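This report refers to the structure that appears directly beneath it.
The values are calculated or read from the model by the stated rules, or taken from the named source; none is laboratory data. Computed from a prediction, not measured in an experiment: that's the story for all the values here. Backbone-built Cβ (ideal geometry, glycine too); neighbour counts: all protein chains shown. In case anyone asks, the SASA skips ligands and DNA or RNA and just uses the protein heavy atoms, side chains included. Shrake-Rupley method; radii C 1.70, N 1.55, O 1.52, S 1.80 Å.
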Amino acid sequence: MLEAVKISKEFPGVKVLNEVNFKFYPGKVNAILGENGAGKSTLLKILTGAYTQYDGEIKLNGKTVSFSNIKEAQNAGIAIIHQELNLIPELSVTENLFLGREMLTPLGLLDTKKMEAEAQQIFEKIQLHVNPKTLVQKLKVGEQQLVEIAKALLSNADIILMDEPTSALSDKEIENLHRIIEQLKVEGKTIVYISHKMDELFRIAENYTVLRDGNTIDAGEMKATTEQDLIRKMVGREVLIEKKNSESQFDTSILKVNNLNLSNPNNKTRKLLQDISFELKKGEILGIFGLMGAGRTELLETIFGMHPNNSQYAIEVNGTNTFHKKPKDAIENGLAFVTEDRKTEGLVLGMDISANISLTGLKSVGLLNNTKDKAASQNYIEKLRIKTPSETQLCQNLSGGNQQKVVLAKWLTTNPQILMMDEPTRGIDINAKNEIYNLIKELAANQMSILLVSSEIPEILALSDRILVMAEGKIKASYLASEANEDKLLKSALPE
Amino acid sequence: MNISLNHPLIKKSQSLIALFILCLFISLLSDKFMTSTNLWNVLRQISVNVCISVGMTLVVLMAGIDLSVGSILGLTAAICAGLLKNGLVFESMNLFVGFTVLGAILAAMLIGMALGLFNGWVITKFAIPPFVATLAMLTIARGLTMLYTEGIPISNLGPEFEFIGSGWILGIPVPVWISLIMVLIVVFLTNKTTFGRFIYAIGGNERAAFLSGISINKIKLTVYGIAGMMAAVGGVLVTSRLNSAQPNAGMSYELDSIAAVVIGGTSLSGGVGTVTGTVIGAVIIGVLNNGLVLLDVSPFWQQVVKGIVILLAVIIDKMNQKNK
């Protein structure tokens with residue numbers, strides 16, 4: 001049993017954990033619930049030896065342990081699957097899997113064949129269909145996540161910590177993972193599971209602990225509680241996500257995409273996107289749903305001018321024909337793009353909030369206006385409820401949800417006509433999610449047009465006026481909000 | 001009062017404190033150090049490295065590197081001297097163009113900038129790593145210098161030109177004025193302009209910067225252009241100080257310049273650092289050189305000591321980052 005006794009951790013100016021207590025039981029899935037910034041990630045880092053300075057005790061099977069680095073935690077049988085992927089893009093899938101525990105031939109050389117065979121085996125177990133020789137950078141986020149899971153499985157750890165393992169997975173992949181987790185439970189492993197998806201927790205978890213603002217709020221058995229109860233404990237009030245059931249009338253066309261095609265530079269035979277045409281109206285929220293690899297992200301990227309050499313298309317923005325050779329062109333045309341990965345694409349983590357928020361609005365040549373930027377940032381910090389001591393806080397010190405809000409603020413400063421969002425609430429807690437939902441609705445009500453890509457059906461249903469479903473690089477179906485439901489969306493999204 | 005080494009103020013002014021201790025140490029060991037003649041002399045010597053290093057800081061802030069500044073300094077120094085002394089002769093057209101001091105200096109700066117822009121063009125257009133592109137320029141520019149000078153120094157450039165390197169204005173050596181102006185300009189650029197902000201953003205996360213609509217290539221071109229121009233300014237200072245352009249002028253200056261940047265706390269991986277830090281770094285190197293000479297340390301040991309100081313600076317910097 002893994003136990004945490006009165007763990008506290010402080011960062012300059014913020015107390016992230018305040019005498020937190022936990023018990024994680026073997027053969028069970030132990031859920032940790034809490035909003036972003038509640039301290040979950042910090043706790044995991046302490047448990048895995050990434051943070052070595054803290055108050056309190058960690059006990060493993062009754063004995064107090066203290067890990068001075070990650071390796072020691074691994075040797076003690078603790079593996080972690082990170083929310084933010086930790087793979088090396090330039091290495092192959094197999095090389096990543098065996099990093100630090102490579103198999104050797106009797107001569108002491110790398111036994112590539114054996115490792116690849118082993119990798120193949122484990123991939124079959126988790127139904128990941130990639131060649132073990134593939135470079136990790138060629139994989140989509142969802143596939144990379146599965147590789148992380150394979151890595152933890154491979155280490156034969158007794159305690160597996162999973163931080164939002166399903167946030168980037170399709171439903172099928174999630175089912176897969178849950179099947180594997182059941183298997184691990186039977187083998188007597190301790191699973192510590194962080195997720196914001198309630199239905200998922202009720203399906204697989206036995207125990208829960210709720211964290212709020214660094215404090216342990218409650219702990220108990222899943223079967224003795226309800227979703228509403230847990231949510232109330234997490235956020236301190238009840239939150240509901242409702243499906244949008246009626247749509248308003250939209251007249252003015254703002255974006256028309258005609259015959260958009262995107263070829264794959266590595267594979268000439270299969271196009272990433274094929275003959276995509278659609279129209280976005282002023283003030284409309286257009287949801288784009290699809291499974292992993294359907295081409296949703298690529299579609300937004302192409303419209304934003306990120307693939308000028310591999311794409312052909314005609315788009316009209318506000319009735320004017322245009323082609324975006326680079327993001328700058330798109331921004332000048334009134335587009336904004338909240339990207340999926342806030343760390344690599346959204347933020348300059350080493351700069352402060354104010355500098356990040358103002359980045360999109362700066363003239364190419366000109367003077368900085370710190371007073372104005374500061375005021376604008378403070379305005380957004382308040383409006384979006386970004387949790388931070390001040391606007392001079394570096395973005396790397398913010399929690400995921402707050403980082404996401406900074407990304408949003410950064411794009412809102414450009415006052416875009418068309419806001420494209422790729423998984424805007426990925427890895428974000430329910431409370432922050434709702435705040436972002438309300439913001440999106442408010443923006444649309446103020447005549448901003450929104451392209452919303454999401455793999456979460458409730459999110460798509462809650463927000464969209466109209467929904468496009470993509471599969472294999474094509475648009476497969478289009479529904480009005482009133483006629484859409486979970487079944488229809490899923491059915492259309494499945495590849496033929 | 002409880003002063004800990006982790007106090008933010010101390011961390012911020014760490015290199016300044018190091019400099020202070022260094023000066024104190026040397027002045028205790030040698031009474032020649034704290035004389036105005038010597039101190040002005042040190043500053044005059046440092047001014048060349050300061051000019052190069054502020055340009056280098058911009059490059060490094062962008063997670064780049066410029067190995068060619070020493071060679072660009074050499075070439076622009078030679079061209080400046082050559083234009084001043086011999087002018088331009090177009091035999092086919094029977095034309096002779098003479099150069100004033102200012103004309104020659106501007107020409108040198110333009111050529112420095114052009115060479116820097118060429119660096120930037122290679123780096124952005126062909127996605128060549130800055131290390132490789134500027135390494136090539138290091139060789140090219142040095143070779144051109146040798147060709148242009150035929151390996152012979154160009155000397156006796158006139159008193160007017162000599163004034164730049166040796167003269168005084170308001171009791172301060174002219175090179176110190178010039179480097180000060182360069183520093184102020186670049187400090188202004190980095191702190192007050194969008195251009196400066198873009199440099200930090202590119203160094204911190206180039207992809208995020210690109211997606212934010214920043215014209216990465218233009219910024220990079222400009223920065224390498226500035227670095228080349230700053231090297232040319234350094235070239236003018238060196239040449240006028242000696243009243244002669246040496247074919248091997250500026251050899252391995254890029255290393256002192258990178259050292260100044262690193263000692264000044266700028267991260268080689270980009271995004272973090274300041275121009276003022278670099279200036280302090282350059283002063284530390286200058287004072288160290290001067291002190292070692294005053295203390296009669298052999299030139300060979302001087303190199304060893306300099307290397308150790310660079311290592312220490314980077315190690316302390318790393319430890320600070322970890323403590324964060």
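With θ taken as phi - 60° and the Karplus curve 6.51 cos²θ - 1.76 cosθ + 1.60 applied, the whole-hertz 3J(HN,Hα) list for the range B:30-47 is 9, 7, 7, 5, 7, 9, 5, 4, 5, 5, 4, 4, 4, 4, 4, 5, 5, 4 Hz, x standing for glycine and proline.
Chain B: longest stretch without exposed GluC sites (Glu not before Pro) (DSSP loop, at most 11 other Cβ within 10 Å), sites themselves excluded? Answer - B:151-324. For the residue pairs A:374/B:218; A:185/A:476; A:233/A:282; A:151/A:328; A:282/A:363; A:113/A:172, alpha carbon separations beyond 32 Å are given by A:185/A:476; A:233/A:282; A:151/A:328.
Only Cα pairs under 8 Å and at least 6 apart count here; give the relative contact order of chain A as a rounded whole percent.
Working: 989 pairs, mean separation 80.4, N = 496.
Result for chain A is 16 percent.
What the Cβ-Cβ distance of residue A:383 and residue A:323 gives, at R0 = 41 Å and to the nearest 0.05, is a FRET efficiency of 0.75. Based on DSSP H segments of at least four residues, each scored -39500 (n - 2.57), the protein assembly as shown has a per-residue ellipticity at 222 nm of -15500 deg cm²/dmol. Which listed residue (A:144, B:47, A:73) has the Cα farthest towards the positive end of the charge dipole for the protein assembly as shown, taking +1 on Lys and Arg C-beta and -1 on Asp and Glu C-beta about the Cα centre? Value: B:47. Rolling a 1.4 angstrom probe over the protein heavy atoms with all chains in place gives chain A an accessible area of 43 Å² per residue.
By per-residue mean of other Cβ atoms within 10 Å, what is the highest-first order of A:477-489, A:354-366?
On the way: A:477-489: 15.2, A:354-366: 20.5.
The most tightly packed comes first, giving A:354-366, A:477-489.
Backbone geometry of the range A:248-265 corresponds, through the Karplus equation with coefficients 6.51, -1.76 and 1.60 at θ = phi - 60°, to 3J(HN,Hα) couplings of 8, 8, 10, 10, 7, 7, 10, 9, 10, 10, 10, 6, 7, 10, 9, 8, 8, x Hz, x marking Gly and Pro.
Net charge dipole, chain A: roughly 540 debye, given to the nearest 20, about the Cα centre with Cβ charges of +1 for Lys and Arg and -1 for Asp and Glu. Over all pairs of different C-alpha atoms, the protein assembly as shown has a mean inverse distance whose reciprocal, the Kirkwood radius, equals 30.0 Å. Shown is the FRET efficiency for residue B:177 and residue B:125, computed with R0 = 41 Å from the Cβ-Cβ distance and rounded to the nearest 0.05: 0.65. Here the 3J(HN,Hα) profile of the range A:40-54, calculated from phi with Karplus coefficients 6.51, -1.76 and 1.60 at θ = phi - 60°, is 5, 4, 4, 4, 4, 5, 5, 5, 9, x, 6, 9, 9, 9, 6 Hz, Gly and Pro shown as x. Each of residue A:178 and residue B:297 was given a label point 7 Å from its Cα along the Cα-to-Cβ line. The distance between the two points is 6.9 nm.
Between the residues B:188, B:213, B:267, the greatest Cα displacement towards the positive end of the dipole of the range B:179-295, with unit charges on the Cβ of Lys, Arg, Asp and Glu, is found for B:213.
What is the magnitude of the charge dipole of chain B about its Cα centre, with +1 placed on the Cβ of each Lys and Arg, -1 on the Cβ of each Asp and Glu, and no other charges, expressed in debye to the nearest 20? List each step's numbers first, then the result.
Working: 17 positive and 11 negative charges, 205 e Å.
It comes to approximately 980 debye.
Under 5 Å between amide hydrogens, built in the peptide plane, is the criterion, and for residue A:218 it picks out A:210 among residues at least 5 positions away or on other chains.
Distance between the pseudo-spin-label points of residue A:90 and residue A:57 (7 Å out from Cα toward the beta carbon): 4.5 nm. Each peptide in B:185-194, A:203-212 gets a packing score, the mean of other Cβ atoms within 10 Å over its residues, and the list from highest to lowest is A:203-212, B:185-194. In summary, the aspartates and glutamates within cross-link reach of residue B:220, defined as a Cα separation below 16 angstrom excluding same-chain residues under 8 places away, comprise B:66, B:206. Using a 1.4 angstrom probe on protein heavy atoms only, the contact between B and A buries about 2000 square angstrom of accessible area, both sides summed.
Within the range B:51-323, what whole-number % of the accessible surface is contributed by carbon and sulfur, with the 1.4 Å probe and all protein chains included in the calculation?
On the way: 8280 of 11770 Å².
Percent of accessible area from carbon and sulfur atoms in the range B:51-323: 70.
Of the solvent-accessible surface of the range A:60-192, computed with a 1.4 Å probe over protein heavy atoms with every protein chain present, carbon and sulfur atoms account for 51 percent.
Let me confirm one metric for peptide A:323-332, namely the mean number of other chain beta-carbon atoms within 10 Å of its residues' beta-carbons.
For this peptide, the per-residue mean of nearby foreign Cβ atoms is 3.
Here the contact order of the range B:1-160, divided by its residue count and restricted to Cα pairs under 8 Å and six or more residues apart, works out to 25 percent. Between the range B:58-124 and the range A:118-136, the alpha-carbon centres lie 56 Å apart. Just to verify a number: FRET efficiency for residue B:20 and residue A:438, C-beta to C-beta distance, R0 = 60 Å, to 0.05? Once rounded, the FRET efficiency stands at 0.65. Taking 0.36 nm per residue of sequence separation and removing the Cα-Cα distance, the residue A:75/residue A:312 pair yields an extension gain of 80.1 nm. The modelled label-to-label distance between residue A:134 and residue B:89, using points 7 Å beyond Cα along the C-beta direction, is 6.9 nm.
For residue B:318, the lysines whose Cα falls under 24 Å of its own Cα, not counting residues fewer than eight places away in the same chain, are A:9, A:45, A:71, A:343, B:11, B:12, B:306.
Residues whose amide H comes within less than 5 Å of that of residue A:192, counting only those at least five positions distant or on another chain, are A:30, A:160, A:161, A:162 (H built at 1.01 Å from N in the peptide plane).
Listed by chain and number, the aspartates and glutamates whose C-alpha is less than 16 Å from the C-alpha of residue A:383, apart from same-chain residues fewer than 8 away, are A:373, A:391, A:435, A:442. Using a 7 Å offset from Cα along Cα-Cβ at residue A:120, what residues in the range A:133-164 end up with backbone N under 18 Å from the label point? Answer for the range A:133-164: A:133-135. Ranking B:177, A:249, A:344 by how far each Cα lies toward the positive end of the dipole of the protein assembly as shown (charges on Cβ) leaves B:177 at the top. When the accessible area of the range A:253-493 is computed with all protein chains present and a 1.4 Å probe, what percentage of it is carbon and sulfur? Whole-percent figure for carbon plus sulfur exposure: 45.
How much area per residue is accessible in the range B:51-323 when the probe is 1.4 Å and only protein heavy atoms are counted (Å²)?
Values: 11770 Å² over 273 residues.
With the other protein chains kept in place, the range B:51-323 gives 43 Å² per residue.
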